[in-house]
1. Over the Cα atoms of the stretch 37-159, compute the convex hull volume and normalise it per residue, giving Å³.
2. Take the Cβ-Cβ distance between R194 and D146 as r, set R0 to 22 Å, and report the resulting FRET efficiency rounded to the nearest 0.05.
3. Top to bottom by accessible area (1.4 Å), largest first, where do Y156, Y82 land?
4. What number comes out for the charge environment of A98, summing +1 per Lys or Arg and -1 per Asp or Glu over other residues with Cβ under 11 Å away?
5. Quick one: if the Förster radius is 30 Å, what FRET efficiency do E123 and L4 give, using the C-beta to C-beta distance and rounding to 0.05?
6. Under a 10 Å cutoff between Cα atoms, tell me which one of E14, E66, E177 has the largest fluctuation in the Gaussian network model of the chain.
7. Work out how far the C-alpha atoms of the stretch 111-220 reach from end to end along every principal axis, then list the three figures in whole Å, largest first.
8. For L212 and A67, what does the FRET efficiency come to when R0 = 41 Å and r is the distance between their Cβ atoms, rounded to the nearest 0.05?
Amino acid sequence: MNPLPRVAVLISGEGSNLQALIDASRAGTLGASLACVVSNRAAARGLERARAAGIPAEHVGSAKGEARELYDARLATVLAPYALDFIVLAGFMRIFGAEFVAAWAGRILNIHPSLLPAHPGLETHRRVLDAGDPWHGATVHFVTADLDAGPAAIQYRLRVRPGDTTETLARRVHVGEHIILPRAVNWLATGRLRLLASSVMLDGQPLTRPVLIDEEGSLT
Ligand code: GRF
């Protein structure tokens, strides 16, 4: 049997999405080997989760005022020995320069807490409430040079309820993220999902829109 593709998970904080990947890996449903976890924050709880799971955990902090490209180059140096096939951004709160993104084109996924293209960037739960959006959710997409704008593979969608707060939305979105991220990583690692020019291909067919999973459970 071929060895599983090797994946690095990049985080900045809690690492609950990382945990979902670890759990899928343990359950034998990830289709990938978690080769290392890197955080730009030393205090990220996700680093402890990685160590507890026996995954090499690295801190690559950014120096004050450091150019994006210099950080990317230091990160690339740390990642190189792990002989990676893919990178997964799971709450990694940094933006890459164009060179790093180009070097990993079609091989980096990001999870973002909104139904992209709605609400790229930060504070998505607050912005959904302020806009009175009826729907919210999360998206897994390929990373391109444009922030949160790469082609999307899968989304989790939930209906905003009266009385929802940023906290309740964050909780509900996280539940969905923990479903769609391991699934997207499995698809990528098993060759079912790939980026062809700017088209997302799933099982050899171009996706006209991301696969959609509703909170209620239906797959469309
Ligand atoms: C997630 O909501 C992710 O979409 C966002 O940051 C959060 C990370 O959560 N980019 P966690 O660290 O995986 O718990």
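1. On the way: hull volume 15.8 nm³, N = 123.
Spread over its residues, the Cα hull of the stretch 37-159 gives 128 Å³ apiece.
2. Numbers: r = 19 Å, r/R0 = 0.88.
The value I calculate is 0.70.
3. Numbers: Y156 10, Y82 40 Å².
Sorted by accessible area, descending: Y82, Y156.
4. Working: positive: R68; negative: E69, D72, E99, D146.
The answer is -3.
5. Numbers: r = 36 Å, r/R0 = 1.21.
That gives a FRET efficiency of 0.25.
6. E66
7. The Cα atoms of the stretch 111-220 stretch 42, 30, 20 Å along the principal axes, largest first.
8. Details: r = 39 Å, r/R0 = 0.94.
Calculated value: 0.60.
The values are calculated or read from the model by the stated rules, or taken from the named source; none is laboratory data. Worth saying up front: this structure is predicted, and the values here are computed from it rather than measured. Virtual Cβ from ideal backbone geometry, glycine too; neighbours counted across all protein chains shown. These area figures cover heavy atoms from the full protein model, side chains too; ligands, DNA and RNA do not enter into them. Shrake-Rupley method; radii C 1.70, N 1.55, O 1.52, S 1.80 Å.
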